[in-house]
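First comes the structure, then the notes that go with it.
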Amino acid sequence: MSLLVVGMSHRTASVPLLERAAVGSEELPGVLHELLRSDHVSEVLVLSTCNRVEVYAEVDRFHGGLEDTTAVLARRVGLDVPSLGEHLYVHYEDAAVLHLFSVAAGLDSMVVGESQILGQLRAAYTAAIELDAVNRELHELCQHALRAGKRVHAETGIDRAGASVVTVGLHEAARVLGPLRGRRALVVGAGSMGALSAATLLRAGVAELAVANRTAARASRLAAQLTGAADFPLVRAVTMDDLPDELVRADVVIGCTGAVGTVLAAATVQAALPARAGRPLVLLDLALPRDFEGAAGALPGVHYLDLAALREPAVRLGAHDDVEAARLIVGREVAGRLGARRATAVTPTVTALRARAAEVVEAELARLDARLPGMDEAARAEVARSVHRVVQTLLHAPTVRIKQLAEQPGGGAYADALRELFDLDPAATAAVAAVVLPAEGGSP
């Protein structure tokens, strides 16, 4: 089995296309099970964030796995496979592992170095485990990728290389409004992105913050948490029905609900404009699919920023030295992962070789017993020990060396040569693999 990555991101696809491909939590079980029902996919997880949708799959064949995964994605977005293919990237085996580790480290994010992707990957991995879509290979790989991502953030300054998408958005909002200190803000959505947005606004010094959510209790909980953390008392929970009034008060509105369909229509924004008396309004839409109707950006005094508009500002925040340090760590972690996997892959061959040698020794000792039936037990035991020592000594150097060689790219060829030279039965090697490489479960 080999790892295959098929995906699209802010680098290859427009926001509308990413919206159509996005996989919400309610849709995830169906998508995972559809992928697992295909002919060539044995394990799978789907990473769907505000700027990427990726399928990570263990497949038995590259072309078959690619056909299976792209067919599922094409059905989701309503395109034929060739048309969708123009927006996809594909990574396989070693390149796929490198891509996963780079994603976990924040090196492939729209805002390089943002740490939110690490939590999103962990959530995708946890969901795949709960839906029984992950087995040994993806379990071990994701665990290692998450550890590598944490190491990058702990040992480098990549967090300084770029802020979160929220920070980039607020930086752009400040270009329109001026300093955000003393301004009024509204956050629509009380999930993880909403909490991050609200906390970032508080750090920016807004004087008033309202939180709206479809579930009022969730908005109230977030507002209560923020009130305890703020230096001022005015953090309010409001309902979605209150949005027209809140649009009159707010200077910046952030949308991050994750809902399907428009949450804030252009007509609602337009209705609030007379009462605003010409004050500028920034609509910062961080949701995928988008929360705000893009036509609102054409209204006088309204500045609409979505994920597509934030791409260029995000790129400008990169810091070369920290990014290079992060890439170095990722490269070493990937090399260690691939080397360990290749070394593990030759273990069944080495074990089968030693088993074959033991069989030969026992057969020769049986022949010796037949030729010298009168040999006393002490003498026979000494002969047996001598023969075993000779065989083990002869096998020691090549079996140790083949594990070392296997850690290098193309090292699997040495195992193939060993099987050919010693005429090892492939079925026997596979049987050994089933014993020495059992499937493993586990939790994140």
Self-check item: Of all residues making up segment 325-369, the number that are at pLDDT below 85, under 28 Å from the mean Cα position of the chain (by Cα) and among the charged types (D, E, K, R)
Solution: 3
Quiz item: Can you tell me which of VAL90, VAL44, VAL23 is surrounded by fewer than 18 Cβ atoms within 10 Å (Cβ to Cβ), of a type in the set (A, V, I, L, M, F, W, C) and under 15 Å from the mean Cα position of the chain (by Cα)?
Solution: VAL90
Quiz item: Before we move on, is SER102 at pLDDT 90 or above, crowded, with 19+ Cβ neighbours inside 10 Å and hydroxyl-bearing (Ser, Thr, Tyr)?
Solution: yes
Quiz item: Restricted to segment 414-432, and to residues that are modelled with pLDDT of 65 or more and loosely packed, with under 11 Cβ neighbours inside 10 Å, which residue is farthest from ALA357 (Cα to Cα)?
Solution: GLU420
Quiz item: Does LEU201 fit the bill of being farther than 18 Å from TYR304 by Cα, assigned to a helix (DSSP H, G or I) and in contact (Cβ under 8 Å) with a residue 40 or more places away in the chain?
Solution: no
Quiz item: If we scan segment 129-152, do we find a residue that is without any contact (Cβ under 8 Å) to a residue 12 or more places away in the chain and of a type in the set (Gly, Ala, Ser)?
Solution: no
Quiz item: Scanning for something surrounded by fewer than 24 Cβ atoms within 10 Å (Cβ to Cβ), in the same structural domain as VAL41 (by TED's automatic domain parsing) and without any contact (Cβ under 8 Å) to a residue 60 or more places away in the chain, does segment 169-185 turn up at least one residue?
Solution: no
Quiz item: Of all residues in segment 134-183 being under 21 Å from ARG311 (Cβ atoms) and not in a helix (DSSP H, G or I), which is modelled with the highest pLDDT?
Solution: SER164
Practice problem: Count, please, the residues in segment 199-223 that happen to be in contact with a Lys or Arg (Cβ under 6 Å, 6 or more places away or on another chain), surrounded by fewer than 16 Cβ atoms within 10 Å (Cβ to Cβ) and at negative phi. | Solution: 0
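The values are calculated or read from the model by the stated rules, or taken from the named source; none is laboratory data. All values derive from a computational prediction rather than experimental measurement. Positions of Cβ are generated from backbone atoms using ideal geometry, with glycine treated the same way; all protein chains shown enter the neighbour counts.
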